[in-house]
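Presented below is the structure to which this report refers.
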Amino acid sequence: MRASVQAVAFTLAACLPFATAQLDIPGLLSSLQPAAASDPRFTNFHPPGTGDVRSPCPGLNTLANHGFIHHDGKNMTIPHLITGLAAGLNMGADFTIAIGGAGLLSSPNPLGGAFDLNDLDMHNFPIEHDASLSRQDAYFGDDYDFYSPNWNQVLAFYKGKTQTDISTASHAKYARVNDSMARNPTFTYGLREFVLSYGETALYLQTMGSPSANGVANVNYVRSLFEEERLPYDLGWRPSAEPITLLSLGQQVLQLYTAGPEPVPEAQTVTADSYKDVFEAIVGGSEILANLTGGLSTAVGL
Ligand code: HEM
Ligand SMILES: [Mg+2]
């Protein structure tokens, strides 16, 4: 299944006219920055309405609820995501291109250059996996809606704390793995899921804090992101001043893994590059990623 998706992506993407043909790639990449603090989108919060779609990702759902990306959750192109993720959360283009390229493979038409947020529910490949922090495993039914019993397992580790830290985040994440392993007879968890899930913990730490905050963020900010899918602007949060990149996240993946008891699956080695490598492996290499993203990945050195 995976091999055939990649083969089709490679063969067809090479000859398809991609929407980025007229795109000013250097102009797009050099214009990226968080929106001004006075930008009304930070305080305009609208949960999804009839016909709107959402995903298993609290980050994308939050940005859609604030209109940093299409509020209806549809037609997510890579240029649209690059701009919206930078404006709302100061995500670096390299991150958005790598994970967005993987996200395209969940679309019914990966070569169309866009996905809808609900496409991301696709289980085990390309991104969605078991042992999520705040969602159920697909085995139990719904792998995309917020599910408080699992999230409460994570929050229990932060009991009595107002701020996150690397060690607590790492132990909380491993507890979710052990819980899923014990209850889900179809539990699927290898190096890919291991790295992606540490990456997701790094994502909430860095977006609600910053890459240089060493894993410290306000627990209330993190709760707003997961529980309301709302930017905690009114609580005092502002986007990280430093861009959040594949490298900053990869370094935190390593830091989180080192701080906890979880063994690496498949006796592999984890480095700061593992996070980037996982996305390249999901899409089948840098050439396919370049085809899928209309050359954007090459422009950021992927
Ligand atoms: C194009 C960009 C993105 C794509 C395609 C994407 C996709 C996904 C998908 C498919 C999942 C589900 C994985 C699972 O099974 O848990 C997920 C989870 C997650 N994402 Fe995103 N994501 C993107 C950007 C972001 C951003 C900017 C943030 C910043 C807050 C973020 C934070 C998270 C977190 C914290 C989880 C874990 C949820 C949980 O474990 O319950 N993501 N993402
Ligand atoms: Mg999941």
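Please go through segment 199-234 and give me each residue that is assigned to a loop (DSSP other than H, G, I, E, B) and polar (S, T, N, Q), ordered by number. Before you say what the answer is, go through the steps one by one.
Kept after step one, since they are assigned to a loop (DSSP other than H, G, I, E, B), are these residues of segment 199-234: 209-210, 214-217, 229-232.
Once the filter is applied, which keeps residues that are assigned to a loop (DSSP other than H, G, I, E, B) and polar (S, T, N, Q), segment 199-234 yields SER210, ASN214.
Within segment 66-73, identify whether any single residue is over 14 Å from ASN44 (Cα atoms) and either open to solvent by less than 10 Å² (accessible area, probe 1.4 Å) or within 10 Å of ligand 1 (Cβ to nearest atom) (or both), and answer yes or no.
Yes, segment 66-73 has at least one match.
Looking at TYR174, TYR158, which one is more than 13 Å from ligand 2 (Cβ to nearest atom) and open to solvent by less than 30 Å² (accessible area, probe 1.4 Å)? Full working, then the answer.
Details: TYR174 fails: open to solvent by less than 30 Å² (accessible area, probe 1.4 Å).
Result: TYR158 is the single residue among TYR174, TYR158 that is more than 13 Å from ligand 2 (Cβ to nearest atom) and open to solvent by less than 30 Å² (accessible area, probe 1.4 Å).
Going by what's in this entry, would SER38 be described as over 20 Å from PRO243 (Cβ atoms), open to solvent by less than 10 Å² (accessible area, probe 1.4 Å), at pLDDT 95 or above and polar (S, T, N, Q)?
no
Under the condition of being open to solvent by 30 Å² or more (accessible area, probe 1.4 Å) and over 12 Å from the mean Cα position of the chain (by Cα), which residue from segment 80-109 is nearest to ligand 2 (Cβ to nearest atom)?
PRO108
Among TYR139, TYR144, which is the only one that is open to solvent by 40 Å² or more (accessible area, probe 1.4 Å), in contact with an Asp or Glu (Cβ under 7 Å, 6 or more places away or on another chain) and within 16 Å of ligand 2 (Cβ to nearest atom)?
Going through TYR139, TYR144 in turn, just one is open to solvent by 40 Å² or more (accessible area, probe 1.4 Å), in contact with an Asp or Glu (Cβ under 7 Å, 6 or more places away or on another chain) and within 16 Å of ligand 2 (Cβ to nearest atom): TYR144.
Of the residues LEU231, LEU247, LEU254, LEU235, which single one is touching a His at 6+ places or on another chain (Cβ under 7 Å) and of a type outside the set (Lys, Arg)?
LEU231
Determine if segment 187-194 includes at least one residue that is under 23 Å from LEU89 (Cβ atoms) and either within 13 Å of ligand 1 (Cβ to nearest atom) or open to solvent by 30 Å² or more (accessible area, probe 1.4 Å) (or both).
There is no residue in segment 187-194 that is under 23 Å from LEU89 (Cβ atoms) and either within 13 Å of ligand 1 (Cβ to nearest atom) or open to solvent by 30 Å² or more (accessible area, probe 1.4 Å) (or both).
Which residues, counting only those in segment 182-219, are over 30 Å from ARG238 (Cβ atoms), among the hydrophobic types (A, V, I, L, M, F, W, C) and within 14 Å of ligand 2 (Cβ to nearest atom)?
Across segment 182-219, the qualifying residues are PHE187, PHE194.
The values are calculated or read from the model by the stated rules, or taken from the named source; none is laboratory data. Keep in mind that this is a model prediction, so the values were computed, not measured. Every residue, glycine as well, gets a Cβ built from its backbone with ideal geometry; the counts of neighbours run over all protein chains shown. The protein model used for the area step is the full one, side chains on, heavy atoms only, and it has no ligands, DNA or RNA in it. Shrake-Rupley method; radii C 1.70, N 1.55, O 1.52, S 1.80 Å.
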